[in-house]
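Please read the structure below before turning to the comments.
The values are calculated or read from the model by the stated rules, or taken from the named source; none is laboratory data. Just so we're clear, the structure is a prediction, and the values are computed from it rather than from any experiment. Backbone-built Cβ (ideal geometry, glycine too); neighbour counts: all protein chains shown. Quick note on the areas: whole protein, heavy atoms, side chains included, nothing else; ligands and nucleic acids left out. Shrake-Rupley method; radii C 1.70, N 1.55, O 1.52, S 1.80 Å.
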Amino acid sequence: MRFLRKLLLPVLALASLALARSSTGDSVLILLDPSLKKENFSVFFGDLENKGYQLTFRSPKDATPEIIKDDVAQFAHVVVFAPNTKTFAADVTPQALVSLLSKNTNLLLALSPKQTPLTSLASEFSLILPPPGTPLISHFPKRDTPATVIPVDAPAAYDIISPNLPPVWFSGVPQALGNNPMLVPLLKAPTHAFASDGDSDSGADALVEAAEKSGEGLWAGSSLSLVTGFQALTNARATWVGGVEMFSDEFFNKEISKGVKSGNRQFASDVAAWTFQENHVLRIDTVEHHRVNETLPSETYTINDRVTYTAYISKYDSELDVWEPYSGIKDLQLEFTMLDPHIRTSLPPVAGEPGKYSVTFRVPDRHGVFKFVIDYKRKGWTYLTSSTVVPVVPPRHDEYPRFLSAAWPYYAGAFSTSAAFVLFVALWLAGDDREPKKSKGAKSE
């Protein structure tokens, strides 16, 4: 039996390497615009199938298969490639897509310069789009492609995108980012690119016209985002791509320079992996708290108790489809709160014990209902939240010390006053007891 186990483990490991599972499920619904051919995206769809995803295709106007049935999401992920569709089925309204995030369904949505229902939905995610018909253009570097087809450098944003990727081809609409901490910009526009309704310019006049038509200033530079991620409080993810052509076979195989293919294929794989929660996924397995030198949690704590709090955290490994202990968080914090944090302290990993984070602190000198709170939110990573309620009470009547060191002045005052009173009484009672003198006018008998 042991020999068979040793023989099967390497085989299973090799088999799992060929698949990259999502932590939330493998079912994918692809809403494909009728104007787009499935064959034009065969490489992207084939890569998803090779990872083990089960793809289901549907037109945006079809009613089946249903995305939500009996208030339950039927797919773990939804891909919307519908740049030309202006009317969707009843279950693909902007409100329905937003509700999918609350059901932990991930979204991958492609925009276009045209006005579509997705354009109005983008504003719900704090994305500001330029006026319809104003794609991103750039005339640098010099190339033989239209000005609307732009090579863009892809930096390793938040460790989501693979490092050292060749530039990727982009054609579509940029997005200005609102002040929303849940946004994760994955690809920024080049500094020399701007949004305009034409692909040719005549000196600076084109920039001036673009600024006047936009109504909100010039849409230009690296402040614009081309691919933007969004992570909801439920940890569901949505990624907005400025143009569906980024995922096409044409852009996958198009060369940046002679003999150098674009990085679109790897970039698309990285974006899909993050969106489908294959990577950067954490969870809190369990938390523990107890007094120092004890092992069991207490129902109540007393003020000034020494308490140890421990959290166990795991990271999802998509290649092995397992959760592994993770000690890579260096800035985790613990709060001990009652309305406001009374204690905020770091929660460091324990050396030699993977996945374990622990800290010991003194309970504040205040009674009430407190909470152990972990609220870890970092761009690109799933949020870690935990809240445990514990009451803190004053000491019982038999738990106070017999004599309080802070009360020694009062003890001394009481004892000295008592001693002085006893001494005064003793002196009074033991004083001189002589007869009173007779007055001079008195007659002696």
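Structure above, values below:
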{"quantity": "Matching residues, the range 136-161, being within 29 Å of Leu101 (Cα to Cα), in a loop (DSSP other than H, G, I, E, B) and open to solvent by 30 Å² or more (accessible area, probe 1.4 Å)", "calculated": "Pro155, Ala156"}
{"quantity": "All strands (runs of 3 or more DSSP E) inside the range 313-376 with 2 or more residues being open to solvent by 70 Å² or more (accessible area, probe 1.4 Å)", "calculated": "322-325, 340-346, 368-376"}
{"quantity": "Cross-chain or 6+ apart pairs with Cβ under 8 Å, the range 300-322 first and modelled with pLDDT under 95, then polar (S, T, N, Q)", "calculated": "Ser318/Ser22; Ser318/Ser23; Ser318/Asn279; Glu319/Ser16; Leu320/Ser16; Asp321/Ser16"}
{"quantity": "Residues within the range 132-158 that are within 15 Å of Thr191 (Cα to Cα) and of a type in the set (Gly, Ala, Ser), tallied", "calculated": "3"}
{"quantity": "Matching residues in the range 18-57 - criterion: being free of Cβ contacts under 8 Å to residues at least 12 places away in the same chain and assigned to a loop (DSSP other than H, G, I, E, B)", "calculated": "Lys37"}
{"quantity": "Test: Asp285 is assigned to a strand (DSSP E or B) and surrounded by fewer than 14 Cβ atoms within 10 Å (Cβ to Cβ)", "calculated": "yes"}
{"quantity": "The one condition in (1) farther than 16 Å from Gly263 by Cα; (2) touching a Lys or Arg at 6+ places or on another chain (Cβ under 8 Å) that Asn179 fails to fulfil", "calculated": "(2)"}
{"quantity": "The listed residue being out of contact with any Leu (no Cβ under 6 Å at 6 or more places or on another chain), in contact (Cβ under 8 Å) with a residue 60 or more places away in the chain, on the phi < 0 side of the Ramachandran plot and of a type outside the set (D, E, K, R), out of Val422, Val390", "calculated": "Val390"}
{"quantity": "Residue check for Asp91: closer than 23 Å to Ala232 by Cβ, in the same structural domain as Leu233 (by TED's automatic domain parsing) and of a type in the set (Asp, Glu)", "calculated": "yes"}
{"quantity": "Subset of the range 251-271 [among the polar types (S, T, N, Q) and more than 31 Å from the chain's Cα centre (by Cα)]", "calculated": "Asn253, Ser257"}
{"quantity": "Residue match in the range 73-81 (condition: under 11 Å from Pro117 (Cα atoms) and open to solvent by 10 Å² or more (accessible area, probe 1.4 Å))", "calculated": "no"}
